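Chemist: Following this message is one structure expressed as structure tokens.
The values are calculated or read from the model by the stated rules, or taken from the named source; none is laboratory data. Since this is a predicted model, take the numbers as computed values, not measurements. Virtual Cβ from ideal backbone geometry, glycine too; neighbours counted across all protein chains shown. To get the accessible areas, we keep the full protein, side chains included, count just its heavy atoms, and leave off ligands, DNA and RNA. Shrake-Rupley method; radii C 1.70, N 1.55, O 1.52, S 1.80 Å.
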Amino acid sequence: MITITESAIARIKEMLNEEEEQGLKLRIGVKGGGCSGLSYGMGFDKEVQEGDQKLDYDGLEVLVDQESAPVLNGVVIDFKQNMMGGGFTIENPNAIASCGCGSSFRTAENAGKPEDC
């Protein structure tokens, strides 16, 4: 369903270790918004919701909500480090359009709710 590269897993695990709360999992989702209609969300969550898909990547627990799963199918999440710092990148084969900032997109089946950037 989702591919998370070794460098992204390592960086997320570092971030989890910096958190004071134990038992956190990575939640990945999609919500309406952004100039193209949909935007990605990643954050830590302790609660597993009904319908969540539970995935494991080398001990990293990942949750994906039921509505986001089809839009995220085939996504590759990477972490890239360069001289300007580092950041996560998301490649989504389902996206047919995205905005210049790279955090907003739409698919053939889901146009979302476009907003001003």
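Chemist: Report, by residue number, each residue of the range 60-89 that is open to solvent by 30 Å² or more (accessible area, probe 1.4 Å), within 13 Å of L26 (Cβ to Cβ) and either hydroxyl-bearing (S, T, Y) or in a strand (DSSP E or B) (or both).
Modeler: Of everything in the range 60-89, those that are open to solvent by 30 Å² or more (accessible area, probe 1.4 Å), within 13 Å of L26 (Cβ to Cβ) and either hydroxyl-bearing (S, T, Y) or in a strand (DSSP E or B) (or both) turn out to be E61, F79, F88.
Chemist: Of everything in the range 25-59 that's surrounded by fewer than 16 Cβ atoms within 10 Å (Cβ to Cβ), closer than 23 Å to Q81 by Cβ and among the hydrophobic types (A, V, I, L, M, F, W, C), which residue is modelled with the highest pLDDT?
Modeler: Here the residue is F44.
Chemist: Inside the range 60-92, can you point out the residues that are under 25 Å from E19 (Cα atoms) and modelled with pLDDT under 90?
Modeler: Q81, N82, M84, G85, G86, G87, F88, T89, I90
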